[in-house]
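The values are calculated or read from the model by the stated rules, or taken from the named source; none is laboratory data. Keep in mind the model is a prediction, meaning the values are calculated, not measured. Ideal geometry is used to build each Cβ from the backbone, glycine not excepted, and the neighbour counts take in all protein chains shown. Protein only, heavy atoms only, side chains kept; ligands, DNA and RNA dropped before computing areas. Shrake-Rupley method; radii C 1.70, N 1.55, O 1.52, S 1.80 Å.
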Amino acid sequence: MTHRTKLAAGNWKMNGVWSGLSEVTSLMQAHPAPVCEVLLCPPATLLSRMSDMTVDSAIKTGGQDCHADKSGAHTGDISATMLSDAGAEYVILGHSERRADHGESDDDVRAKSRVAIENGLKVIVCVGETLGEREAANTLDIIGGQLAGSIPDIVTGENLVVAYEPIWAIGTGKIPTLGQIGEVHDFIRTTLEKRFGAGVGRSVRILYGGSVKPGNASEIFAVSNVDGALVGGAALKAEDFSPIIKALETSS
Ligand code: PGA
């Protein structure tokens, strides 16, 4: 069986100022040598400082988005090179909030992913269905289309992570059944294997995201092809994120 290093990724979204970095100190103290990867994606204003803080720890940092161009006249945007320069190892791309708030299409996400990988970042590409699509039994078609459109051909098993995030589960406290999570994760695995071959397809980590909490993490991590989580609200406080990391460390 292919070994995949599990990944607990926290997405701080538009939350956090300098004083909030004390949470990172707590997290480093609680997890000096985790047996999974631990990643925090803070707002861009905190990235450099968080990367400096965590440089000698097991905690990695990432961005929440980048532009599809390497540099240029794009006021307010941030490039993949800038993220790397600020210490980021990863970048989240195509999060449903970016797709909804900024009209990002699969083509945009694919272009961003390509430039991020070319600049040495690992990409966490997000896919997920709306509640309407789920109720109309279109989930796998939607996910299949997003995977085909959002992932560039240049990915490897190491630089691509896919996050399955049902839009209706993000920030709502609702999660799909474990069967529904397993169905989508198995589908994503098979789709990646068909497109990129078994070697790459089996190496890519597939995260679940959407209302992951200390109370539900263990059961989610027991589902096949769930290699970790992309966590929003529960990643803001060490006291919430830490038990999720522990649940991932002890999952089989
Ligand atoms: P949530 O967000 O954990 O707050 O539901 C998850 C995400 O958007 O990545």
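Points to keep in mind about this one:
- Subset of region 1-56 [under 29 Å from T156 (Cα atoms), among the hydrophobic types (A, V, I, L, M, F, W, C) and assigned to a loop (DSSP other than H, G, I, E, B)]: M1, W12, A33, V35, C36, V55
- Comparison of A222, A247, A229, A217 shows that the only residue that is more than 20 Å from I188 (Cβ to Cβ) and either at pLDDT 95 or above or near the ligand (Cβ under 10 Å from one of its atoms) (or both) is A247.
- For the residues V184, V204, the requirement of being crowded, with 18+ Cβ neighbours inside 10 Å and touching a Leu at 6+ places or on another chain (Cβ under 6 Å) singles out V204.
- As a summary of the residue check, T156 satisfies the conditions (1) away from the ligand (no atom under 16 Å from the Cβ); (2) in contact with a Gly (Cβ under 7 Å, 6 or more places away or on another chain); (3) of a type in the set (S, T, Y) except for the one numbered (2).
- Residue match in region 176-183 (condition: within 15 Å of the ligand (Cβ to nearest atom) and either at pLDDT 95 or above or touching a Lys or Arg at 6+ places or on another chain (Cβ under 6 Å) (or both)): yes
- Selection of region 227-252 for residues being open to solvent by 30 Å² or more (accessible area, probe 1.4 Å) and of a type in the set (D, E, K, R) yields K237, E239, D240, K246, E249.
- When region 212-226 is filtered for residues that are open to solvent by 10 Å² or more (accessible area, probe 1.4 Å) and within 16 Å of I181 (Cβ to Cβ), the ones remaining, listed by number, are K213, G215, N216, S218, E219, A222, V223, S224, N225.
Listed here are the residues, each with its yes/no results for (1) out of contact with any Cys (no Cβ under 6 Å at 6 or more places or on another chain); (2) of a type in the set (D, E); (3) under 26 Å from V212 (Cβ atoms); (4) more than 16 Å from the ligand (Cβ to nearest atom).
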{"position": "G76", "(1), (2), (3), (4)": "yes, no, no, yes"}
{"position": "L93", "(1), (2), (3), (4)": "yes, no, yes, no"}
{"position": "N119", "(1), (2), (3), (4)": "yes, no, no, yes"}
{"position": "G132", "(1), (2), (3), (4)": "yes, no, yes, yes"}
{"position": "I167", "(1), (2), (3), (4)": "yes, no, yes, no"}
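- Odd one out for T190, checked against (1) near the ligand (Cβ under 9 Å from one of its atoms); (2) open to solvent by 10 Å² or more (accessible area, probe 1.4 Å); (3) modelled with pLDDT of 95 or more: (1)
- A single entry from L39, L21 fulfils the requirement of being closer than 21 Å to S252 by Cα and not charged (D, E, K, R): L39.
- Here is the figure for region 67-97: residues that are charged (D, E, K, R), within 24 Å of G145 (Cβ to Cβ) and in contact with a helix residue (DSSP H, G or I) (Cβ under 8 Å, 6 or more places away or on another chain) total 0.
- Filter result (within 15 Å of S150 (Cα to Cα) and of a type in the set (V, I, T)) within region 176-203: I188, T191
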